[in-house]
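Please read the structure below before turning to the comments.
Please treat every number below as a calculation from the coordinates, not as lab data. Note that the coordinates shown come from a computational prediction; the quantities given were computed from them, not determined experimentally. A quick note on method: Cβ atoms are made from the backbone with ideal geometry, for glycine too, and the neighbour counts reach across all protein chains shown.
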Amino acid sequence: MVFRLTSVWMRAFGLAAGALIAAAAPAVHAQSVDEIVNRSNLASYYQGQSGRARVTMTITDAQGRERVRAFTILRRDTPTSDALVGGAYRGEQKYYVYFHRPADVRKMALLVWKHIRRDDDRWLYLPALDLVKRIAASDKRTSFAGSDFFYEDVSGRSIDLDTHELIDTTDAYYVVRNRPTAPGEVEFSYYDMYIHQGTFLPVQTEYYDRRGRKYRIARVLKVERIQGFNTVVEASMQDLTTGSTTVLRYADVTYDIGVPDGMFTERYLRRAPTQYLR
């Protein structure tokens, strides 16, 4: 099953659009904003216990010039004692991103250890220098590989870093406003998420700066049902300040691949685990 989200109705969130997604999953009304946010986090980042996808990333600047990057992303969940929060599993995770092309980023690799109660750990391997660089927590909201996505977007922002307010409920969506608990650590003042009631996927996220101006929009463009999970297979990030847009297209998505925990270490940044990247 496939459903597409066009830019026209993504902006309008009209009834026809709601009906299209509702065909994929019926609306399920949550009881509180905490339940909504937990279920959205679960649907977005915790499908299966592990996963793999081939990703094509197209960066288009304001002049229409394109740059294309291709990489594989691997994920493994690490259950913890506090994994069940608000009825939703959201334990610690590990991510491994390996770049295949173009030549200037080939063999570059990113390793993320996503934590629940503290800052994530991130390492980047730069093959041209044969250097493993630790990415500081203060750099998590900087560009990922020259795109409009940030490092924090790769593995997701912890829901504990924000307060959440349900500001609207439409026929198809919950609209949740999120404000940072430490506003001095981020560039936004708040962001609004339009969460589909049936799938709990956030189909559009709008970021506002400290002057209340919208400057960044994340959109889900296409969703497929894979191994029983509603899976985002095409998404975009638009920078309204620069006019740049990045589109991610996911292929060969597979869940529960049994990738070992020992692979998510600095050792495999320099020596790629080719058996899991094919």
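Pairwise alpha-carbon distances in segment 136-179 exceed 13 Å for 66% of all pairs.
The local environment of Ser189, defined by Cβ-Cβ distances under 10 Å, has a net charge of +2 under the rule Lys, Arg +1 and Asp, Glu -1.
Here segment 34-66 and segment 218-278 have alpha carbon centers that stand 7 Å from each other. Using the Stokes-Einstein relation with a Kirkwood hydrodynamic radius computed over Cα pairs, the translational diffusion coefficient of segment 2-277 at 37 °C and a viscosity of 0.692 mPa s comes to 170 µm²/s.
Relative to one another, the C-alpha centroids of segment 165-185 and segment 100-135 are positioned 31 Å apart.
Multiplying the residue separation of Leu129 and Asp61 by 0.36 nm and subtracting their alpha-carbon distance yields 21.7 nm.
The alpha-carbon positions of segment 136-278 define a convex hull whose volume is 150 Å³ per residue. Subtracting the Cα-Cα distance of Ala103 and Arg270 from 0.36 nm times their residue separation leaves 58.5 nm of extension gain. Put a dot 7 Å past the Cα of Thr242, heading toward its Cβ, do the same for Val68, and the two dots end up 2.1 nm apart. Extents of segment 194-278, largest first, come to 46, 34, 19 Å (Cα atoms, principal axes, whole angstrom). Computed from label points 7 Å out along Cα-Cβ, the spacing between Arg213 and Leu166 is 3.4 nm.
Counting beta carbons within 10 Å around each of Phe229, Phe99 and listing the fewest first gives the order Phe229, Phe99.
Legend: ranking of residues Thr58, Thr242, Thr231 from fewest to most surrounding C-beta atoms inside 10 Å; resulting order Thr242, Thr58, Thr231. Within the shell defined by Cβ-Cβ distances under 10 Å, the residues around Asp209 carry a net charge of +4, with Lys and Arg each +1 and Asp and Glu each -1. Please report, to two decimal places, log10 I(q)/I(0) for segment 160-225 at q = 0.13, 0.14 Å⁻¹ as given by the Debye formula with identical point scatterers on the Cα atoms and no solvent. These q points yield log10 I(q)/I(0) values of -0.38, -0.44. Neighbours of Arg278 by Cβ distance under 12 Å: Lys/Arg scored +1, Asp/Glu scored -1, total +1.
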